[in-house]
1. Going through region 103-127 one residue at a time, which ones are at pLDDT below 60 and assigned to a loop (DSSP other than H, G, I, E, B)?
2. Which pairs have Cβ atoms under 6 Å, sit 6 or more apart or on different chains, and link a residue in region 26-45 that is in contact (Cβ under 8 Å) with a residue 24 or more places away in the chain to one that is exposed (fewer than 12 other Cβ atoms within 10 Å of the Cβ) and in a strand (DSSP E or B)?
């Protein structure tokens, strides 16, 4: 049942109840992780982020994905926003991928707001077998 309360038209509570959201923006990188052909595939949703504003780093077994969303300047001086529901700034997410992984083994593709990161499964990698050295 919808509860009506006595509020001003521009009250944040009115918009929150109307749209069913809280006042704090939900800034998360929605991520699906699946295992496929001996690799882990991370599919990370990053709508509105440009490729040049993405950074992937690997440090001590942790893969960090950082994204920056910059505000576009609108030259329209006649408009006055009552509320803007866009996030501008930087956010990051870290995943432990194991210390046996190197940067060279990780690949990433960004297409249509989805970052796909491929990481090999360390347990699926064949162990280095001793190699026979020929004596001449």
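The values are calculated or read from the model by the stated rules, or taken from the named source; none is laboratory data. All figures in this text were calculated on a predicted structure; none of them were measured in a lab. We place every Cβ from the backbone using ideal geometry, glycine too, and count neighbours over all the protein chains shown.
1. Restricting attention to region 103-127, the residues satisfying the condition of being at pLDDT below 60 are 124-127.
125, 126, 127 - these are the residues of region 103-127 that are at pLDDT below 60 and assigned to a loop (DSSP other than H, G, I, E, B).
2. 41/34; 43/32
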